[in-house]
Structures are given as structure tokens and as C-alpha cells.
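Undergrad: To start, I am sharing the structure in question, which I have written as C-alpha cells.
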Amino acid sequence: MTNNDILRRLRYTFNLTDTAMVDIFAAAEATVTTDQVFAWLIKEGEQGFVEISDTEFASFLNGFINAKRGKRDGQQPIPESKLNNNIIFMKLRIALNMKAEDVIATLALVDFDLSKHELSAFSRKVDNKHYRVCNDQILRLFLTGVQQQYRPE
């Protein structure tokens, strides 16, 4: 999954307007325009499409955490320059204030079973022997489950 794909899914799931998305970036002390947001939301291959960088997307996710849970005291986190699915998964989990049981229940909505041990492996450091990569399929299923929870048809 690309950062743009995830951004589009989050926009749809939480029914975010362009202005709301700009405000989410601002919550992470990042400045973007509605034109930038619009370009990031265009599908790949269409005219005007711009790929959102890892740093820009990390700023969005940090702002999403701030918007959903409130800003933490002190210095705000510096956006990562390189993102992977594990980091994205963790940031979404934090923003939505989900415990392990909540994530497992969300994945169960899309008929995917994941144990607590498998879930905790996504949060470990890369050099830990129990570390596991969160692949695109799991992240996609998680986003689909979140969509079912927050935007029921």
C-alpha cells in the first residue's frame, strides 16, 4: 500500500474534508495547503497526482493522533523520514486509542484472526528476534475493519 492509498482510505473512513485534513497537518505543526491535499488524494496515474512523502505522511499521522487524542505535553514528535507498515499500524492504533483486544476485534470484523503474540510482534524493534513485518495485506485488512467500525454503511 502506498501512503496516498492509506491517506485516501482515512479520509473516506472518517469523512474528512480538505480543510479538516489541513487542520490535522497543523495539529502536528506542519503547514500544507488544500491544493497539496487535493493532489495527494488523486489516484495514481491521473493528471495532477502527487506522491506524499514519508515525512509528510508521518506528519499527517502525528496530527491525526493529536486530533483524536489531544496533544501531549512538551515537544511534539519529529515526523519519521522513513515509514513502514509497522510504524503506520502503530500510529493508527495510538490515534484510535486501541488496545490489543480492540485491534484483534477489528481484524475479526473482516474475518482475519491474529493472536496477541502476533500483534505484539509488529511493535517490537527490528533487531528483536520476535519482530514481524506488518505486510500490506494485514494493514489493508485493519483499515477495512476500521472503516466498518467508523463508517458503517
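Undergrad: Can you give me the Rg/Rh ratio for region 84-153, using Cα atoms for both radii and the Kirkwood formula for Rh?
TA: A ratio of 0.95.
Undergrad: Top mean-square fluctuation among F122, F142, F112, Gaussian network model of the chain, C-alpha springs under 10 Å?
TA: Comparing F122, F142, F112 in a Gaussian network model of the chain, the most mobile one is F112.
Undergrad: On to the next question. Could you tell me the center-to-center distance, by alpha carbons, between region 69-134 and region 18-38 in angstrom?
TA: Here the answer is 24 Å between Cα centres.
Undergrad: Ok, one more. At what distance in nm do the modelled label points of T19 and S115 sit from each other, each positioned 7 Å from its Cα along Cα→Cβ?
TA: It is 5.0 nm.
Undergrad: From the helices alone, meaning DSSP H stretches of at least four residues, give me the mean residue ellipticity at 222 nm for the chain, per-run term -39500 (n - 2.57), in deg cm²/dmol to the nearest 500.
TA: -17000 deg cm²/dmol
Undergrad: Residues of the chain: accessible area per residue at 1.4 Å, in Å²?
TA: Using a 1.4 Å probe on heavy atoms only, each residue of the chain averages 56 Å².
Undergrad: Then there's this: Can you give the alpha-carbon Rg of the chain over 2.2 N^0.38 Å, where N counts its residues?
TA: Here the answer is 1.03, to two decimals.
Undergrad: I want to make sure I understand the PRE zone here: with the label point 7 angstrom from the Cα of F38 toward its beta carbon, which residues in region 1-32 have backbone N atoms less than 13 Å away?
TA: Counting backbone N atoms under 13 Å from the label point, the list is 18-19.
Undergrad: Sticking with this one: Within the chain, which DSSP H helices have Cα atoms that stretch 18 Å or more along the helix axis and a mean Kyte-Doolittle hydropathy of at least -0.5?
TA: 54-69, 136-150
Undergrad: Expressed in nm to one decimal, what extension gain is obtained for the pair K125 and I78 from 0.36 nm per residue of sequence separation less their Cα-Cα distance?
TA: Full extension of this stretch gives 15.1 nm more.
The values are calculated or read from the model by the stated rules, or taken from the named source; none is laboratory data. The structure displayed is predicted, hence computed values, not measured ones. Ideal geometry is used to build each Cβ from the backbone, glycine not excepted, and the neighbour counts take in all protein chains shown. Ligands, DNA and RNA are excluded from the accessible area calculation, which covers all protein heavy atoms including side chains. Shrake-Rupley method; radii C 1.70, N 1.55, O 1.52, S 1.80 Å.
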